[in-house]
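Here's the structure we're looking at; comments come further down.
Throughout, read-outs are computed from the coordinates displayed, never taken from laboratory work. Note that the coordinates shown come from a computational prediction; the quantities given were computed from them, not determined experimentally. Neighbour counts run over all protein chains shown; Cβ positions are idealised from the backbone, glycine included.
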Amino acid sequence: MKKREVHIVGNWKMNQSLYEISQFFIEMSKMKMELKCKAWIAPQAIHIPILKEMAFTTGAIYIGAQNCSNQDSGALTGETSPASLADLGVEFVIIGHSERRTIFGEGNELLNEKVLAALKNNLKVIYCVGETLAERESDQTYKVIDEQLLVGLKNLPADKAHLLMIAYEPVWAIGTGKVASAEQAEEVHGYIRSKLTHRASETIILYGGSVKPDNIDALLRKENIDGALVGGASLKAQDFRQLCSIASVLM
Ligand code: PGA
């Protein structure tokens, strides 16, 4: 029995056609009764309204965004406003995913502005942290994570802390098939929890990086791992269903 609710979050990144989405939901609807964990999906922003509708009919799946702007409105061509996400009834937003950090050059200061903007709009935030392989190999893991937490979560309002979730995603494990061992992940999760200044024992901390049906059980059995942020394996309904079923057993 887990101390905290277990969350399985699918990060679809820039994938899934409309046809694939409808097939996904047909499959998912078959497991409605078994779902005891929380199942979340972050599709491409353009698909959010469609997924909201499908999730409404299948039930029990929360829909979120993969990113948002640090501003509610303005001359920011191509950005997605957190206020508009809230308007759409979006439940959460992922902020600071390593692809945003590395490919789009988003640093901790900007990510902090995004976290605060999303929280102001009462969106749940999944704030991602994690080290690269070079950083791990040069013993920089905790230094990097300290900085990501300290700057990225600066000025976090205490009355919004219940909306914050953390995802520990070692960059070397994302999309590589190299999952961190349950022990490696637990060690970092415990460290992250010890650094949280608000609601540390209640905060959901997800693990992400090559999570699959065959490795999730060992991860979720660890005390400080409260779920998974899943890329590749969340695209296939059967895998996603299986991840949710395994997580549901632990609840
Ligand atoms: P992966 O991606 O499960 O494909 O490794 C995880 C993520 O990027 O959030």
Exercise for the section: Looking only at the stretch 64-97, count how many residues are of a type outside the set (Gly, Ala, Ser), buried (at least 18 other Cβ atoms within 10 Å of the Cβ), away from the ligand (no atom under 16 Å from the Cβ) and outside any loop (DSSP other than H, G, I, E, B). Expected result: 2
Completion exercise
Scanning the stretch 209-251 residue by residue, the ones that are hydrophobic (A, V, I, L, M, F, W, C), under 24 Å from Arg193 (Cα atoms) and not in a helix (DSSP H, G or I) total 7
Practice task
Could you check how many residues of the stretch 205-221 are more than 15 Å from the ligand (Cβ to nearest atom) and closer than 25 Å to Leu153 by Cα?
Solution key: 0
Handout entry: Residue match in the stretch 38-46 (condition: within 23 Å of Ala228 (Cα to Cα), within 16 Å of the ligand (Cβ to nearest atom) and assigned to a loop (DSSP other than H, G, I, E, B))
Key = yes
Practice task
Go through (1) among the small types (Gly, Ala, Ser); (2) under 16 Å from Ile225 (Cβ atoms); (3) in a helix (DSSP H, G or I) one by one and return the number of the condition Ala161 breaks.
Solution key: (2)
Completion exercise
Selection from the stretch 203-247 of residues touching a Leu at 6+ places or on another chain (Cβ under 7 Å) and hydroxyl-bearing (Ser, Thr, Tyr) yields Thr203, Tyr207
Problem - Within the stretch 228-242, considering residues that are in contact with a helix residue (DSSP H, G or I) (Cβ under 7 Å, 6 or more places away or on another chain) and of a type in the set (A, V, I, L, M), the one farthest from the ligand (Cβ to nearest atom) - result: Ala237
Fill in the blank from the handout: Taking first residues from the stretch 205-218 that are on the phi > 0 side of the Ramachandran plot and second residues anywhere that are within 12 Å of the ligand (Cβ to nearest atom) and of a type in the set (Ser, Thr, Tyr), the pairs with Cβ under 8 Å that are 6 or more apart or on different chains are Gly209/Thr176; Ser210/Thr176
Problem - Test: residue in the stretch 109-128 that is within 12 Å of the ligand (Cβ to nearest atom), crowded, with 20+ Cβ neighbours inside 10 Å and within 16 Å of the chain's Cα centre (by Cα) - result: yes
